[in-house]
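Visitor: Sharing a structure below in structure tokens format, with a few things to ask.
The values are calculated or read from the model by the stated rules, or taken from the named source; none is laboratory data. Note that the coordinates shown come from a computational prediction; the quantities given were computed from them, not determined experimentally. Cβ placement follows ideal geometry from the backbone for every residue including glycine, while neighbour counts extend to all protein chains displayed.
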């Protein structure tokens, strides 16, 4: 048992959390689940506890009705920093990932990071804390995992990153068509199975913008050297160009279990029969095109916020999170997501090199402001 | 001067040799050319000697008329094993590469190997000698350089290799059309600028077959795990699939100077303004298809010879070298290259785990036999 990697999975009932546990199941005798944390879906959480018998659990609701549970209840940040844990999988969605990510990083853990908002909101703080504690941040996003795999063993930094993007379900829509998009259409992503928030962000391309900011922090890469390539087949998950102009790419079917497993088993790679190799006889053509920044203004908003830095990225995240919630409850039109997020950003009084408290404050301001604007104030 | 990498370039007036010296020129203060060797083109060789002032030279003709040369004449194998040399670039074409490659490997040199025939003919001997002497074989072929770059930093072997192939100038030709192919057509390769022998081998796909055997030896990969993918754009230079089904690919414009430079500067990568980065706005689509083993029987002959091993690959190389010479002098039709090489292979009495002498003998037998068959005997 001594060689098992000991995991805490935060957000275990979400899409990435469930797929993390699928990988754990598919690779027997590799992992021991020490901690599980979830925000909702208590029935699934109950099943996960019964199956994985974690020592520690957290559930967002105050008094969850869990049966026959011998696991100890603990605060989310405490699970992220448990001495018994080797690797913390942060698979929570949105702002809720920031605090446990910081707790895990400060505790010097290996952090398999799927939550992109934490790096977008507080990239400067998190990367500085990781440097100090020796924590390793292992990206779980497919694009950042691809870049990380391409950089493996290289003695120099990348000269340029080509972040690929499926383009989402509305790739060739006109602005008029985008205006009439429904929630159901936006939730039907052509290549990736993901949670609701990130699926909408993928439809607006906000998700790709957040990934640009994430790549900036993860790989210490100037924004000028991060390009976006629309690649609708989602087979190339991103590319890296080196000083000598050689390019490396990582490829595979669009299946989040591969980047999850790569982070979980790193530096090893393990066969997993549930992850089939690409059948090249079925792949006729991989195509590439430039993103349409006019049709997808969220992409431009995100990159601008990243370049301006300070509290702008936190405001971007917060405003987008609220706007997506409003869209999902039919209270905003699709095109209004970008409009309102843009307005909130334009009204923001930024702080450079903010403290965590200043980031949280900017986040709160942005949420309130977006709600006000949506309500017609 | 102590930090300069000291090179011997064998085959300096050929295509790869000239491009090697272009890289040396483009990266000033990195290299010192200690030795130069060439088989023909004495005027160019004279220029190279004047420019690079090597200490040692070799020229195949007995008494070359070289002017104002203070370099010392030496046998080819002695240049390959010079104590003053850090890296030997074997850029000779065909069988002539075998002896100096072995000499360099036995002397424990880093060998930047462009000559694929040496590994095809004597892969078992060369890899065993390299293991014993500690020599490193650094592939210069674009495909093998791609695989080598993809494997960089990985702790496990590849699970599968996808060797890409442009398909050559006759990709969609019918057998009838292939029968009427001229020398000029065969020498006009759509994507790569190469020497005459390898250009014809690319048109028959014999070159891809030799590369399969080369990959087998370089990466200790069973033939069953080496696939060939026709990729006419020649942007992806090959791919590697790992145990977890993740794939890495290396990409770039088809320009031999990139794999040459990678081997020369390894483990560093250096900016070279003559090697432009890929302009993705110009690349709309990368396509893939299966090779047509019936239209290109040389591919099948080579893989079969590799699988049977022993003296078969040496016979393949020798018969092909003679057949290509006869084709280039208009004495064979294009389709007869495969026919005659196939006949020579089918008549061969193989020896398993041959000695170098047995390989040389098989080579001589195959050349004679092919000439006989071509002459109607």
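Visitor: Of B:192, B:217, which residue is within 18 Å of residue B:314 (Cα to Cα), in contact with a helix residue (DSSP H, G or I) (Cβ under 9 Å, 6 or more places away or on another chain) and assigned by TED's automatic domain parsing to the domain that holds residue B:158?
Guide: Details: B:192 fails: within 18 Å of residue B:314 (Cα to Cα).
That would be B:217, the only listed residue that is within 18 Å of residue B:314 (Cα to Cα), in contact with a helix residue (DSSP H, G or I) (Cβ under 9 Å, 6 or more places away or on another chain) and assigned by TED's automatic domain parsing to the domain that holds residue B:158.
Visitor: Exactly one of these conditions fails for residue A:276: (1) buried (at least 17 other Cβ atoms within 10 Å of the Cβ); (2) over 19 Å from the mean Cα position of the chain (by Cα); (3) over 16 Å from residue A:205 (Cβ atoms). Give me its number.
Guide: (1)
Visitor: Looking at (1) crowded, with 19+ Cβ neighbours inside 10 Å; (2) at pLDDT below 95, which one does residue B:262 not meet, given that it meets all the others?
Guide: Single failed check for residue B:262: (2).
Visitor: So for segment B:281-299 (the condition being within 21 Å of residue B:255 (Cβ to Cβ), surrounded by fewer than 17 Cβ atoms within 10 Å (Cβ to Cβ), under 23 Å from the mean Cα position of the chain (by Cα) and more than 7 Å from every other protein chain (Cβ to nearest Cβ)), does at least one residue qualify?
Guide: Scanning segment B:281-299 turns up no residue that is within 21 Å of residue B:255 (Cβ to Cβ), surrounded by fewer than 17 Cβ atoms within 10 Å (Cβ to Cβ), under 23 Å from the mean Cα position of the chain (by Cα) and more than 7 Å from every other protein chain (Cβ to nearest Cβ).
Visitor: Hey, another quick one. Which condition from (1) over 17 Å from residue B:6 (Cα atoms); (2) buried (at least 17 other Cβ atoms within 10 Å of the Cβ) is the one that residue B:61 breaks?
Guide: (2)
Visitor: Would you be able to say whether some residue in segment A:314-321 is surrounded by fewer than 24 Cβ atoms within 10 Å (Cβ to Cβ) and not assigned by TED's automatic domain parsing to the domain that holds residue A:209?
Guide: yes
Visitor: For segment A:232-259, which positions are surrounded by fewer than 24 Cβ atoms within 10 Å (Cβ to Cβ), touching a residue at least 24 places away in the same chain (Cβ under 8 Å) and more than 7 Å from chain B (Cβ to nearest Cβ)?
Guide: Correct list: A:232, A:233, A:234, A:235, A:236, A:253, A:254, A:256, A:257.
Visitor: Residue check: is residue B:85 over 25 Å from residue B:359 (Cβ atoms), crowded, with 17+ Cβ neighbours inside 10 Å and over 20 Å from the mean Cα position of the chain (by Cα)?
Guide: Yes: the conditions hold for residue B:85.
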